[in-house]
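These notes are about the structure you will find just below.
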Amino acid sequence: MKQGQVLHITFHNPNTDEETAKYLTKLIAENIAEKIIQKQASRQYAADSSLPSSPVSLTM
């Protein structure tokens, strides 16, 4: 496409506004939940890897 040309794209959404809002809300919520789960897993992995690999005796 040459510079200065404009491309117009039109989408037809056969769903109602309410259905579209529900779908988008669900999609965003699932995405956020997945990111939270991944973040917690990476924090747990980091916490677990910082622990010593063998038990430490604290007797004196």
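The values are calculated or read from the model by the stated rules, or taken from the named source; none is laboratory data. Model, not experiment: these values are computed from the prediction. No Cβ is skipped: glycine too gets one built from the backbone with ideal geometry, and neighbour counts run over all protein chains shown.
Regarding residue 47, is this residue under 26 Å from the mean Cα position of the chain (by Cα), at pLDDT below 85 and not aromatic (Phe, Trp, Tyr)?
yes
Mind checking which residues of region 1-26 are surrounded by 10 or more Cβ atoms within 10 Å (Cβ to Cβ), assigned to a helix (DSSP H, G or I) and not basic (Lys, Arg)?
Hits for region 1-26 are 19, 20, 21, 23, 24, 25.
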